[in-house]
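Reading through the structure tokens given below for one structure.
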Amino acid sequence: MVARPVKIIFMAYTKNTAYNDLPALPPEGFAETPEILRHLAKASRFLGELNGLCASLPDPQLLINTIILQESKDSSAIENIVTTQDELYRAATEDGSTNHAAKEVLSYREALYAGFKKMKAQQNLLLTSTLVEIVQTIKQNQSGIRNTPGTALKSAITGEIIYTPPCCEDVVRDKLTALEQFINNPELSALDPLVKMALIHYQFEAIHPFADGNGRTGRIVNALYLVQQELLAQPVLYLSAHIVKYKTEYYQLLRGVTEKGNWTDWVMYILTALIETAQLTTRKIRDMLLLKDSHEKQMKEVLGASFSYELLQLMFTLPYLKIELLEKKGMAHRQTASTWLKKLAEAAILKPQKIGRTTYYVNFRLMELLGDR
Ligand SMILES: Nc1ncnc2c1ncn2[C@@H]1O[C@H](COP(=O)(O)OP(=O)(O)OP(=O)(O)O)[C@@H](O)[C@H]1O
Ligand SMILES: [Mg+2]
């Protein structure tokens, strides 16, 4: 009997084996569909609006700082490092917070700033060495690129392997070099930068160069890439709030690219996240501006000649104020600081809150505006 021919399907990828065949970007045959183009137009418009708003701010760092802290919280929450808004802002006020999650969130913010500074110092290039610096700052250790085999992504519920990234160090480094070129050399692809951002995020996660912190580093790269591409002057747009909300899809779509080459749905997901987050951030910044104006007016009435613009600024960077903080910042002596905060509390601009032996004076309207999920 003649054996019937068996159809052999070439499987470039199996979940349990290191994916050393992960192809370099751009994906072969990928093109922007009409649906992607429609989303692109929308995303670019909202991004432009956000960038314009940031450019018009009298004191951009002030509000941007808050947006960045929000992102740090959301991005860390994806990793189940959960801190409440209140804990986080209290930790930001204190020097040596003991709250582990809050500390890790603050490290994320530090990493974002470190990456931004490094990129600016290196002619706007986003280099592998910068990625390593970012992850080391997030993790507050000296971990570098993975040099031992055995890293695999597992289901948190069943423990089953979902994905095995490339192995080992030399392969990972080669893939990172190719990614570095794709990021920094616009000649390599004519795709829209926002689409490229989506491709880069997948690629970075698929390479999974570190033992831990890959998700967070990859999400910082997104923000820095928008600045590198001059779509934003400041790193103010973050997708983590959206990803927290649609986390299952985030994981599924990453798998979809690896297992089925489904780039279109992945790109659409990232563009949708961009559209939603750009609008949300614009709204938040506008609300914060209004609140700052209203606080300024009220404070001038309450404090009269001793009104301090520096104090107003501080209320928006560290919404959990305390007497010692004002002293430490050299803004006032203890007695004056205490008078200021008490008067602002009487006028219901700040709300006193006693935690342990410390009385904090909380810019509660800002906290309400930021919201706690
Ligand atoms: N199937 C997959 N293929 C490639 N990357 C994936 C896949 N599933 C998840 N990821 C990425 O891996 C990240 C988790 O990796 P890791 O624990 O190293 O990062 P982290 O920053 O510590 O965690 P997290 O992203 O959960 O905050 C996810 O955030 C996601 O970006
Ligand atoms: Mg992790």
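Looking at Asn65, Leu126, Ala278, which one has the Cα that reaches farthest to the positive end of the dipole of the stretch 34-284 (charges on Cβ: Lys, Arg +1; Asp, Glu -1)?
Working it through, the farthest residue towards the positive pole turns out to be Ala278.
Return the subset of Lys118/Lys247; Lys118/Lys245; Lys73/Lys139 for which the Cα-Cα distance in this structure is over 20 Å, preserving the input order.
Correct reply: Lys118/Lys247; Lys118/Lys245.
Neighbouring Cβ atoms within 10 Å as the yardstick, rank His242, His100, His208 fewest first.
Fewest to most other Cβ atoms nearby, the residues stand as His100, His242, His208.
Over the stretch 42-188, one equal point on each Cα, no solvent: what is log10 I(q)/I(0) by the Debye formula at q = 0.09, 0.22 Å⁻¹?
Values returned for q = 0.09, 0.22 Å⁻¹ are -0.40, -1.36.
So for the stretch 253-307, what percent of the C-alpha to C-alpha distances run longer than 14 Å?
Details: 1036 of 1485 pairs.
The share of Cα pairs beyond 14 Å in the stretch 253-307 comes to 70 percent.
Compute the distance from the alpha-carbon center of the stretch 178-246 to that of the stretch 131-149, in whole Å.
Taking the Cα centre of the stretch 131-149 as reference, the centre of the stretch 178-246 is 18 Å away.
What number, in percent, do you get for the relative contact order of the chain if the mean sequence gap of Cα pairs under 8 Å and at least 6 apart is divided by its residue count?
Values: 434 pairs, mean separation 79.1, N = 373.
Across the chain, relative contact order equals 21 percent.
Which of Ile145, Ile270 has the fewest other C-beta atoms within 10 Å, and how do the rest follow up to the most?
The fewest-first ordering by Cβ neighbours comes to Ile145, Ile270.
Roughly speaking, what is the stretch gain from Thr177 to Glu94, that is 0.36 nm per residue apart minus the C-alpha to C-alpha distance, in nm to one decimal?
25.9 nm
Calculate log10 I(q)/I(0) of the stretch 118-248 for q = 0.21, 0.22 Å⁻¹, where I(q) comes from the Debye formula with a single equal point scatterer on each Cα and nothing for solvent.
-1.42, -1.52
Counting each DSSP H run of 4 or more residues in the chain as -39500 (n - 2.57), what helix-only mean residue ellipticity at 222 nm follows after dividing by all residues, to the nearest 500 deg cm²/dmol?
Computed ellipticity for the chain at 222 nm equals -20000 deg cm²/dmol.
Dividing the convex hull volume of the Cα atoms of the chain by its residue count, what figure in Å³ per residue is obtained?
Cα-based convex hull of the chain, divided per residue, equals 164 Å³.
Going by C-beta contacts inside 10 Å, put Ile67, Ile138 in order with the fewest on the left.
So the residues, fewest neighbours to most, are Ile67, Ile138.
Give the Cα extents of the stretch 288-370 along the principal axes, in whole Å, largest first.
32, 29, 22
Every number in this text was worked out from the coordinates using simple rules, so none of it is lab data. Source: prediction; values computed, not measured. Glycine gets a Cβ as well: all are built from the backbone with ideal geometry, and neighbour counts include every protein chain shown.
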